[in-house]
C-alpha cells in the first residue's frame, strides 16, 4: 500500500456544492501519523510548495506561555513548583508529574488541548482571510484530541512498527524497548488509516517517500481543480 487515496464523507467540500460558503474558504488538510512515520518530511513538502502549515506542537508550547489561561490552569492543577525561576513552566518537572500516569496525563491534555484547538482555529481563520486556498494542520494526536473535525480531509503517514523502532534508535538513540513503549502508547496504523482519506506509506527510501507525497499532492490538486470547475 504505497499510496492510497479513497473517497470519504469528510470530503464534502470538494464533492458537494456548498451554499453560504465564501469562495475564499481555505481547504484544510489534517496531517497525522505515528512517531518516526515521516510527518516532518511531508510537512517540508507542503512548506516548499507554499502551503502554510500549522504545527500543533508549536501551538502547544505557546499555550504554556506565562499569562495565558492554560498557564494558570496548569499551575493550579499541578502545583506552583512547576514555575521555573524565569516564570515559565518547567516542562521537565511537568513531565515528571504525568509520565507513566495516564490519569494525570489526561488531566493535563484536558487543559492543554482546548487551548491548542483555539490557536489552530485562529490561525486557520487568518489563512482564510488572507486568501489561502489550502492550509495544513499537522498533529500527531489529531484524532486523540478531536481536531480532525477542523480538517476537510485527513492525510496519514504510516510506517511499520519494526522500522519505526529502528529509526528511533538511529535518530533518537532510544533502546528498542523504550522505542516500542512510545509506539505502543499511540494509536495503531490500522486505527489511523481507518479514518484517513489519503494514506502514504513510508517503509522505503526517502526518494520513494518523496515520490508518494508528490503523487498524493498531484491528485489533490486535480480534485481541487475539478471542484473549482463545478
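The values are calculated or read from the model by the stated rules, or taken from the named source; none is laboratory data. The model shown is predicted, which means the values in this text are computed figures rather than measured ones. All Cβ positions, glycine included, derive from the backbone under ideal geometry; neighbour counts span all protein chains shown.
Matching residues to (1) out of contact with any strand residue (DSSP E or B) (no Cβ under 8 Å at 6 or more places or on another chain); (2) modelled with pLDDT under 95:
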{"site": "140", "(1), (2)": "no, no"}
{"site": "146", "(1), (2)": "yes, no"}
{"site": "158", "(1), (2)": "no, no"}
{"site": "170", "(1), (2)": "yes, yes"}
{"site": "180", "(1), (2)": "yes, yes"}
{"site": "194", "(1), (2)": "yes, no"}
{"site": "212", "(1), (2)": "no, no"}
{"site": "216", "(1), (2)": "no, no"}
{"site": "227", "(1), (2)": "yes, yes"}
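Selection of helices (runs of 4 or more DSSP H) fully inside region 48-105 by the criterion of at least 3 residues being more than 23 Å from the chain's Cα centre (by Cα) returns 69-78, 91-98. Within region 111-140, being part of a helix (DSSP H, G or I) and out of contact with any helix residue (DSSP H, G or I) (no Cβ under 9 Å at 6 or more places or on another chain) holds for 122, 125, 126, 127, 128, 129. Checking 186, 221 one by one, the residue that is within 17 Å of residue 29 (Cβ to Cβ) and either in the same structural domain as residue 44 (by TED's automatic domain parsing) or touching a strand residue (DSSP E or B) at 6+ places or on another chain (Cβ under 8 Å) (or both) is 221 and no other. Just one of (1) in a loop (DSSP other than H, G, I, E, B); (2) in contact with a helix residue (DSSP H, G or I) (Cβ under 6 Å, 6 or more places away or on another chain) fails for residue 179. It is (1). The listed residues are 98, 26, and the only one of them that is crowded, with 19+ Cβ neighbours inside 10 Å, modelled with pLDDT under 95 and in contact with a helix residue (DSSP H, G or I) (Cβ under 9 Å, 6 or more places away or on another chain) turns out to be 26.
Got a sec? Which of 194, 211 is farther than 18 Å from residue 42 by Cβ and without any contact (Cβ under 8 Å) to a residue 60 or more places away in the chain?
Working: 211 fails: farther than 18 Å from residue 42 by Cβ.
One residue alone meets the criteria, 194.
For region 167-182, the set of residues classified as surrounded by fewer than 20 Cβ atoms within 10 Å (Cβ to Cβ) and closer than 28 Å to residue 29 by Cβ consists of 167, 171, 172, 182, listed by residue number.
Annotation: of all residues in region 31-65 being free of Cβ contacts under 8 Å to residues at least 60 places away in the same chain and in contact with a helix residue (DSSP H, G or I) (Cβ under 8 Å, 6 or more places away or on another chain), the one that is nearest to residue 196 (Cα to Cα) is 60. Going by the structure shown, is residue 174 part of a loop (DSSP other than H, G, I, E, B), assigned by TED's automatic domain parsing to the domain that holds residue 44 and under 26 Å from residue 112 (Cβ atoms)? So residue 174 passes the test.
Name the residue, out of 111, 116, 54, that is in contact with a strand residue (DSSP E or B) (Cβ under 9 Å, 6 or more places away or on another chain) and either buried (at least 17 other Cβ atoms within 10 Å of the Cβ) or at pLDDT 95 or above (or both).
Values: 111 fails: in contact with a strand residue (DSSP E or B) (Cβ under 9 Å, 6 or more places away or on another chain); 116 fails: in contact with a strand residue (DSSP E or B) (Cβ under 9 Å, 6 or more places away or on another chain).
Result: 54 is the single residue among 111, 116, 54 that is in contact with a strand residue (DSSP E or B) (Cβ under 9 Å, 6 or more places away or on another chain) and either buried (at least 17 other Cβ atoms within 10 Å of the Cβ) or at pLDDT 95 or above (or both).
The single condition among (1) at pLDDT 95 or above; (2) within 24 Å of residue 137 (Cα to Cα) that residue 86 does not meet is (2).
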